[in-house]
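Computed from the coordinates by the stated procedures, all read-outs in this text should not be read as laboratory data. Just so we're clear, the structure is a prediction, and the values are computed from it rather than from any experiment. Cβ placement follows ideal geometry from the backbone for every residue including glycine, while neighbour counts extend to all protein chains displayed.
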Amino acid sequence: MHKITVCEHPFIQHRLTILRDKSTPVHQFRLALRECGALMAYEMAKDHPTKTVRVQTPLEPANGLRIETPVVLIAILRAALGMVEGMAEFYPDARIGHLGMYRDPRTLQPVFYYSKLPADLNHHPIILADPMLATGGSIVAALDELKKFDCLTAVKIATLIAAPEGIARVREKYPDVPIYTAAVDRQLNEKGYILPGLGDAGDRQYGTA
Ligand code: PRP
Ligand code: URA
């Protein structure tokens, strides 16, 4: 089983606190979410495949490393949109897929409504992004979809706040998919919201509460 990585860098934690604060206005929420996405991408890229290349400096030849294999970023709609925008700042040539789903507020089960993914998924590192891992239903549904393309060994999950219940659910079905998060919170409430969490990430990002 792959362990969960909690990204404790102060730059990320500072922005996560802005996201948690209910007095944060929508424009600051969007900025902090985008920046968290960029910083998470930075933290997650430590083992990204590179190729040794030779370049000519103004003075002499030098060896360097280049990222050759473009990453595929996959955003679970809606809340991951801003996060993936931030990630793409470090991966300007990333291809970006979208999986549309929302939680039925009564059953808490994800309702799948859209899938648009790049071709050749199994030839690229893949980051599956969703800022909130609550019951785990949405991430599991996304992994079920990606499994059809035989690419699960290349997938890493990027989230910002994870609940223990959601981590357990993902782990039960997909024990080998690495999970990166900025925080593991205490628990879910009776409506499936993460405590202390940040509220509804999609609504706070788009001002639709
Ligand atoms: C939120 C969030 C995750 C999901 C997490 O989306 O962005 O996708 O809930 O919950 P889970 O782990 O219990 O599945 P939501 O359903 O609110 O849709 P939205 O982003 O369109 O608002
Ligand atoms: N989705 C959110 O946006 N927030 C939660 O706390 C749980 C699910």
(request) Give the value in nm², to one decimal: projected area of the alpha carbon convex hull of the chain, averaged over all directions. (result) 12.9 nm²
(message) Out of the trypsin sites (Lys or Arg not before Pro) in the stretch 13-101, which ones are loop residues according to DSSP with at most 15 other C-beta atoms within 10 Å?
(response) LYS22
(request) Treating the angle as unsigned and between 0 and 90°, give the value, to the nearest 10°, between the Cα long axis of helix 10-20 and the longest Cα principal axis of the chain. (result) 30 degrees
(message) Can you find, among CYS7, CYS36, ILE161, the residue sitting farthest towards the positive end of the charge dipole of the chain, where Lys and Arg contribute +1 and Asp and Glu -1 at Cβ?
(response) ILE161
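Quick check for me: using +1 on Lys/Arg Cβ and -1 on Asp/Glu Cβ, what's the dipole size of the chain about its Cα centre, in debye to the nearest 20?
Value, rounded to 20: 200 debye.
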(message) Can you find, among ILE139, PRO70, ALA201, the residue sitting farthest towards the positive end of the charge dipole of the chain, where Lys and Arg contribute +1 and Asp and Glu -1 at Cβ?
(response) ALA201
(request) Figure the gain on full extension for GLU190 and THR69 (residue separation times 0.36 nm, minus the Cα-Cα span) and round it to one decimal in nm. (result) 39.3 nm
(message) What is the angle, in °, between the Cα long axis of helix 80-90 and the longest principal axis of the Cα atoms in the chain? Nearest 10 is fine, range 0 to 90.
(response) 10 degrees
(request) Return the subset of LYS22/LYS46; LYS22/LYS116; LYS51/LYS147; LYS46/LYS116 for which the Cα-Cα distance in this structure is over 31 Å, preserving the input order. (result) LYS22/LYS46; LYS22/LYS116
(request) Please compute the Cα-Cα pair-distance distribution of the stretch 98-209 with 5 Å bins starting at 0, giving whole percents from short to long. (result) 2, 11, 22, 25, 21, 12, 6, 1, 0
(request) Excluding residues on the same chain fewer than 8 positions from LYS191, give the aspartates and glutamates whose Cα lies under 18 Å from its Cα. (result) ASP104, GLU165, ASP200, ASP203
(request) Could you tell me how many degrees, from 0 to 90 and to the nearest 10, lie between the Cα long axis of helix 26-44 and the main elongation axis, the longest principal axis, of the Cα atoms of the chain? (result) 50 degrees
(message) With viscosity set to 1.567 mPa s at 4 °C, what whole-number translational diffusion coefficient in µm²/s follows for the stretch 124-176 from Stokes-Einstein and a Kirkwood radius over Cα pairs?
(response) 117 µm²/s
(request) Provide the gained length on full extension for the span PHE11 to TYR113, in nm with one decimal, where the gain is 0.36 nm per separating residue minus the Cα-Cα distance. (result) 33.3 nm
(request) Can you figure out the FRET efficiency of HIS48 with LYS147, using R₀ = 30 Å and their beta-carbon distance, to the nearest 0.05? (result) 0.85
